[in-house]
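Undergrad: I'd like to ask you about the structure that follows.
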Amino acid sequence: MDHAGQIPRLRAAVDGAAQVRASECLDVCDQANVIVVQPSAAGRAAGGRPVWLGLVNDDDALADIAAWVRAGGPGLAEPPGVLDLYAFTASRRVGKALEG
């Protein structure tokens, strides 16, 4: 898996619909690669919450995530059903650190 190459591919795939940032560690190494999809301001106002996706190690999953983000993401658009396979709940400590 080209982990470093995944970031520019995701940036291109979201096509400006969201910002893609990289982090050294989200403290969930057993789920690598991890992508956290944060809701937009409108998505948060509609009840959207961050969605943690783990084991995202192929371009098909990236394409599904990017399509969801372009459609509005959490709170505004339903994720493709296949993303249920990647979703996980981060510990409260880890989640708070990301939101804080």
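The values are calculated or read from the model by the stated rules, or taken from the named source; none is laboratory data. It should be emphasised that the depicted structure is a prediction, and the values quoted were computed from it without experimental measurement. As a convention, Cβ positions derive from the backbone with ideal geometry for all residues, glycine included, and neighbour counts pool all protein chains shown. Areas reflect the complete protein model, heavy atoms only, side chains present, ligands, DNA and RNA absent. Shrake-Rupley method; radii C 1.70, N 1.55, O 1.52, S 1.80 Å.
Undergrad: So what's the back-of-envelope 222 nm ellipticity for the chain, counting only DSSP H runs of four-plus at -39500 (n - 2.57) apiece and dividing by all residues, rounded to 500? Please report the intermediate quantities before stating the final value.
TA: Numbers: 4 runs with 38 residues, N = 100.
The helix-only estimate for the chain comes to -11000 deg cm²/dmol at 222 nm.
Undergrad: Right, something else. Give the relative contact order (percent, whole number) for the chain; include only Cα pairs under 8 Å separated by 6+ residues. Write out the running numbers ahead of the final one.
TA: Values: 123 pairs, mean separation 29.3, N = 100.
Averaging sequence separation for qualifying contacts and normalising by length gives 29 percent for the chain.
Undergrad: Right, something else. Leaving out ligands, DNA and RNA but keeping every protein chain, what accessible area does Asp2 have, in Å² rounded to the nearest 10, with a 1.4 Å probe?
TA: Probe radius 1.4 Å; accessible area of Asp2 about 90 Å².
Undergrad: For an R0 of 25 angstrom, estimate the FRET efficiency from the Cβ-Cβ distance between Ala22 and Ser91 and round to the nearest 0.05. Write down the numbers at each step before the final one.
TA: Working: r = 21 Å, r/R0 = 0.84.
About 0.75, to the nearest 0.05.
Undergrad: With springs connecting C-alpha atoms under 10 Å apart, model the chain as a Gaussian network and identify which of Pro39, Pro80, Pro50 has the largest mean-square fluctuation.
TA: Pro80
Undergrad: If you don't mind, another one. In a Gaussian network model over the chain where Cα atoms closer than 10 Å are linked, find which of Ala46, Ala87, Ala71 has the largest mean-square fluctuation.
TA: Ala46
Undergrad: While we're on this one: Before I look further, what does the chain give for accessible area per residue, probe 1.4 Å, in whole square angstrom?
TA: Details: 6150 Å² over 100 residues.
Heavy-atom accessible area per residue stands at 61 Å².
Undergrad: Also, I was wondering about something else. How many nm separate the modelled label positions at Asp60 and Glu78, each set 7 Å beyond the Cα in the direction of the Cβ?
TA: It works out to 2.1 nm between the two label points.
Undergrad: Less than 12 Å Cβ to Cβ from Tyr86, Lys/Arg counted +1 and Asp/Glu -1: what total charge do the surrounding residues give?
TA: On the way: positive: none; negative: Asp58, Asp60, Asp64, Asp84.
Summing Lys and Arg as +1 and Asp and Glu as -1 gives -4.
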